[in-house]
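One structure is given below, encoded as structure tokens.
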Amino acid sequence: MFEKILMVPMSKEYAKEICNWEYFGEYKTYNMPSWNEMVENNYSLTISRKRDSEYKAFISESNELLAMCRYVEKDNGIMVGVGVNPDYLSMGIGKTVIKVFTEWLLHTFPESTIYLEVRTWNNRAIECYKKCGYEITEEFAQRTPIGEGAFYRLYYNRNK
């Protein structure tokens, strides 16, 4: 579908666009609040310094925002967050984005463990992560803004 997917800095404009992504069904849990609400509550995506240091946008050659990734140094490793534009789900974009972002992290943080967390019911994402070299290591409960949820932690296997 897209010849090239480019990783670029996360601009304020891209961040605002992400607030308008609308997921449906059980995936609506990933919908973000409005930009103004996020600013009021100091979400990291709205803070310029954090946006510049923790986020990357993934765009098509024609500047369409396809996905976003975030990384945070946490628990002696790098925790990854991924979001794919709902207009482009199930098209293989997530797999490309995760591979590119993981390679960038491996280069940028060569000694760090890389992991991510995902809700246990999100089979689409789990299968994508597994295809990209991540392996489930544990299941745990976590409190979120919408209540308690069951999550998997997946670590990147550098030996694959």
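One residue is enough: does the stretch 24-34 have a residue meeting the conditions more than 17 Å from the chain's Cα centre (by Cα), part of a loop (DSSP other than H, G, I, E, B) and exposed (fewer than 14 other Cβ atoms within 10 Å of the Cβ)?
For the stretch 24-34, residues more than 17 Å from the chain's Cα centre (by Cα), part of a loop (DSSP other than H, G, I, E, B) and exposed (fewer than 14 other Cβ atoms within 10 Å of the Cβ): present.
Tell me, which residue of the stretch 132-160 that is farther than 25 Å from Asn31 by Cα and basic (Lys, Arg) is surrounded by the most Cβ atoms within 10 Å (Cβ to Cβ)?
For the stretch 132-160, the residue satisfying everything is Arg158.
Quick check, is Leu106 crowded, with 20+ Cβ neighbours inside 10 Å, assigned to a helix (DSSP H, G or I) and out of contact with any strand residue (DSSP E or B) (no Cβ under 6 Å at 6 or more places or on another chain)?
It is false that Leu106 is crowded, with 20+ Cβ neighbours inside 10 Å, assigned to a helix (DSSP H, G or I) and out of contact with any strand residue (DSSP E or B) (no Cβ under 6 Å at 6 or more places or on another chain).
Hey, does the stretch 57-66 have a residue that's within 16 Å of Leu89 (Cβ to Cβ) and not in a strand (DSSP E or B)?
Let us first name the residues in the stretch 57-66 that are within 16 Å of Leu89 (Cβ to Cβ), namely 58, 60, 64-66.
With the extra rule that they be not in a strand (DSSP E or B), the set shrinks to 64.
The answer is yes; a qualifying residue exists.
Does Asn76 fit the bill of being over 29 Å from Glu139 (Cα atoms) and surrounded by fewer than 19 Cβ atoms within 10 Å (Cβ to Cβ)?
Considered against the rule, which asks whether it is over 29 Å from Glu139 (Cα atoms) and surrounded by fewer than 19 Cβ atoms within 10 Å (Cβ to Cβ), Asn76 comes out as no.
Quick check: is even one residue across the stretch 58-70 surrounded by fewer than 18 Cβ atoms within 10 Å (Cβ to Cβ), touching a strand residue (DSSP E or B) at 6+ places or on another chain (Cβ under 9 Å) and over 24 Å from Glu13 (Cα atoms)?
no
Each value in this text was obtained by applying a stated rule to the coordinates, not by laboratory testing. The model shown is predicted, which means the values in this text are computed figures rather than measured ones. Positions of Cβ are backbone-derived with ideal geometry, glycine not excepted, and every protein chain shown enters the neighbour counts.
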